[in-house]
Amino acid sequence: MHKDKITIKYLQDRNIIKDITNVEKLEESIKEHKGIYCGFDPTAESLHLGNYVQIVALKWFAKAGLKPIIVLGGATGMIGDPSGKKVERKLLSSEDVLKNEAKIRKQVENLVCSNVEIINNKKFYENLTFIDFLREAGKYANVSNMIAKDQIKKRIDDGISYTEFSYMMLQGWDFYQLYQNNNCAVQIGGSDQWGNITFGVELIRKIISKDNLACGLTFNLLTKTDGTKFGKTETGTIWLDQNMTNSYELYQFFLNQEDDMLEKLFYSLTLKSNNEIKEILKDHFLKPELRKGQKELAYTIITDLHGKNGLEEVLDVSHNLFENDFSNLSADSWQVLYKNLRGKEINTDNLMDILLIDICKSKREARELISNGSLSFNGQKVTNENFEVVFKNRYLLIKKGKRSFFIYKKMI
């Protein structure tokens, strides 16, 4: 890894920081090796690619000398954050929150540095009554200021429940508890969290005093060049859990990114130094058609998320898919292909029946693909409707066009 000194200016040069409440307090917190935290509500079984920006940021600040803390919202996950939402969130059951929290805890243990502290914010409320909370925190919450926050202002005309309206009070209380008990002075989040973060900073100032180090900063949300949300595909969200988005799916996602997204993605999602990234991009744009930048980005993130084994699987799968010779594939290689391409078991060897499972919506579409020569089965081009379907080691790999692959396994 690089030896550059990690400073606020260094991270600002990467164009990833959106806002900072107080630069001087942040610099002082770094000097004093205070804690820095980011919170994640367990609203799904896994974190997604957008969340990874904050995890990478925690790693950067750990390198700068801050102590990384992750707060899992066992309490706030029961409420629902209105930030970035146009309508009320559906409330999760306590069982779902508990199940999701356990999975995400295991996930972040492996993604952040070894000295990360993971806290469930449920502990902050277990012995706190509603009356106590209103007396301890509510009396410092200025309703006019709360309504002026973006996430409330955007929803106030259409109506917002008190449950979601009060969410920022809970997140503010989390920050106060961490500041008091865990030597944590810095909170980070996506730019949509600015209102919640500043509320916490204000709450600490009002309860303790103006003489405190509490500060917050936000990072730019990952968006495409047209401003739309980044991290989704036609099939759904890009998850950090390998069982929900496997290594090959991750590889394909980054391989298909446009050239003008590369700089932003390298700076936001990797720990490569500023100079390393400049060299990668310089090399990439000499021959952009080779997609060196996309491949390096994919290899880096797959290794960070899924380890070297995940990357080796991707390279194996890619080689086998584009070699187009499946006669000598081992049983293990077929199994790797089957897993990474989300294979299905089938009980037919009829050409048209197979095409109608996932590949074509109608027989007419299937016939068009056949007549255009756009289909191959285990490397053999399908030339007519009487094509004999032959499985290899019980597997059938179908290529549609230049880049779409499907794999099926014959039931015994």
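The values are calculated or read from the model by the stated rules, or taken from the named source; none is laboratory data. Just so it is clear, the structure is predicted and the values come from calculations on it, not from any experiment. Every residue, glycine among them, receives a Cβ derived from its backbone with ideal geometry; neighbour counts consider all protein chains shown.
Figures for the structure shown
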| quantity | calculated |
| --- | --- |
| Boolean, F130 is assigned by TED's automatic domain parsing to the domain that holds N182, of a type in the set (F, W, Y) and under 16 Å from L178 (Cα atoms) | no |
| Leading residue by the ranking (nearest to A62 (Cα to Cα)) among those in the range 268-308 that are of a type outside the set (S, T, Y), within 21 Å of the chain's Cα centre (by Cα) and outside any helix (DSSP H, G or I) | L271 |
| Selected residue (criterion: farthest from G39 (Cα to Cα)) from residues of the range 192-233 that are surrounded by 19 or more Cβ atoms within 10 Å (Cβ to Cβ) and polar (S, T, N, Q) | T198 |
| Strands (runs of 3 or more DSSP E) enclosed by the range 330-412 - at least 2 residues per element that are surrounded by fewer than 19 Cβ atoms within 10 Å (Cβ to Cβ) | 344-346, 404-410 |
| Residue, surrounded by the fewest Cβ atoms within 10 Å (Cβ to Cβ), within the range 15-42, restricted to residues that are free of Cβ contacts under 8 Å to residues at least 60 places away in the same chain and more than 27 Å from K264 (Cα to Cα) | K31 |
| Residue within the range 50-71 that is closer than 20 Å to E126 by Cα, at pLDDT below 95 and buried (at least 21 other Cβ atoms within 10 Å of the Cβ) present | no |
| Any hit, the range 234-241, residues being surrounded by 18 or more Cβ atoms within 10 Å (Cβ to Cβ) and either of a type in the set (S, T, N, Q) or in the same structural domain as N100 (by TED's automatic domain parsing) (or both) | no |
| Number of the exception - I412 against (1) modelled with pLDDT of 90 or more; (2) more than 28 Å from V108 (Cα to Cα) | (1) |
| Single condition K139 does not satisfy, out of (1) buried (at least 17 other Cβ atoms within 10 Å of the Cβ); (2) more than 28 Å from the chain's Cα centre (by Cα); (3) of a type in the set (K, R) | (1) |
| Candidates A44, A62 - the one that is out of contact with any helix residue (DSSP H, G or I) (no Cβ under 9 Å at 6 or more places or on another chain) and not acidic (D, E) | A62 |
| Per-region count, the range 269-297, residues of a type in the set (A, V, I, L, M, F, W, C), out of contact with any Ser or Thr (no Cβ under 9 Å at 6 or more places or on another chain) and either surrounded by 19 or more Cβ atoms within 10 Å (Cβ to Cβ) or within 30 Å of S376 (Cβ to Cβ) (or both) | 2 |
| Failed item, numbered, when D259 is tested on (1) buried (at least 19 other Cβ atoms within 10 Å of the Cβ); (2) touching a helix residue (DSSP H, G or I) at 6+ places or on another chain (Cβ under 6 Å) | (1) |
| E289 vs. criteria closer than 30 Å to C113 by Cα, in the same structural domain as F253 (by TED's automatic domain parsing) and without any contact (Cβ under 8 Å) to a residue 24 or more places away in the chain | no |
| Filter result for the condition that a residue is touching a residue at least 12 places away in the same chain (Cβ under 8 Å) and in contact with a strand residue (DSSP E or B) (Cβ under 8 Å, 6 or more places away or on another chain), over N196, N145 | N196 |
| Options L315, L311: the member that is part of a helix (DSSP H, G or I), farther than 24 Å from Y267 by Cβ and assigned by TED's automatic domain parsing to the domain that holds L255 | L315 |
